[in-house]
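> Below is the structure I would like to discuss, written out as structure tokens.
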Amino acid sequence: MAFLCTFQLNNGEIQDTDEVIFLAFVDDSFGHYHKDQVKIARVLFNGDESYIYSTCPCIPSDEASLTQGQKIDKDTIIGYFAADDIPYDKPFARIER
């Protein structure tokens, strides 16, 4: 893996008016290579239980220091990943209900 990156809800994935509250990491996704998108965290997104997913083939390597109930914004580091290609011009992570 050539690049080390941070999972963030960047590049327009969430708006300033959105509320994202961290609940828990999906621990079994970390430390393994995933070709397809994989759940990395469980959150409340505008009051609905949702998941944060990776957006590229990668190895989710480490969780960030988030605590249950912490608000996540577009600059919050959710975790770290290694990848061969950086997903330029799209979010490094996304939310799906």
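Quick grid of which residues meet (1) surrounded by 19 or more Cβ atoms within 10 Å (Cβ to Cβ); (2) in contact (Cβ under 8 Å) with a residue 12 or more places away in the chain:
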residue	(1), (2)
Ile52	yes, yes
Cys58	yes, yes
Asp62	no, yes
Tyr88	no, no
Phe92	yes, yes
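> Moving on. Going through segment 17-50 one residue at a time, which ones are acidic (Asp, Glu) and either at pLDDT below 90 or in contact with an Asp or Glu (Cβ under 8 Å, 6 or more places away or on another chain) (or both)?
Asp27, Asp28, Asp36 - these are the residues of segment 17-50 that are acidic (Asp, Glu) and either at pLDDT below 90 or in contact with an Asp or Glu (Cβ under 8 Å, 6 or more places away or on another chain) (or both).
> With respect to the numbered conditions (1) of a type in the set (S, T, N, Q); (2) in contact with a Pro (Cβ under 6 Å, 6 or more places away or on another chain); (3) free of Cβ contacts under 8 Å to residues at least 40 places away in the same chain, which one is the sole condition not fulfilled by Asn10?
If we test Asn10 against (1) of a type in the set (S, T, N, Q); (2) in contact with a Pro (Cβ under 6 Å, 6 or more places away or on another chain); (3) free of Cβ contacts under 8 Å to residues at least 40 places away in the same chain, just (3) comes out false.
> Return the residues of segment 61-97 that are in a strand (DSSP E or B) and small (Gly, Ala, Ser); say none if nothing qualifies. Walk me through how you get there before you give the answer.
At the first step, the residues of segment 61-97 found to be in a strand (DSSP E or B) are 61-63, 71-72, 79-83, 93-96.
Matches in segment 61-97: Ser61, Gly79, Ala82, Ala83, Ala93.
> Also, quick follow-up: Search segment 49-60 for residues being of a type in the set (S, T, N, Q) and assigned to a strand (DSSP E or B), and hand back the single one that is nearest to Thr17 (Cα to Cα).
Ser50
> On to the next question. Could you say whether any residue in segment 3-16 is charged (D, E, K, R), at pLDDT below 95 and within 10 Å of the chain's Cα centre (by Cα)?
Checked segment 3-16: no residue is charged (D, E, K, R), at pLDDT below 95 and within 10 Å of the chain's Cα centre (by Cα).
> Still on this structure, please answer the following. If we keep just the residues of segment 32-48 that are assigned to a strand (DSSP E or B) and of a type outside the set (Val, Ile, Thr), which is surrounded by the most Cβ atoms within 10 Å (Cβ to Cβ)?
Only one residue tops the list, namely Ala41.
The values are calculated or read from the model by the stated rules, or taken from the named source; none is laboratory data. Computed from a prediction, not measured in an experiment: that's the story for all the values here. Methodologically, a virtual Cβ is constructed for each residue, glycine included, from the backbone with ideal geometry; neighbour enumeration extends over all protein chains shown.
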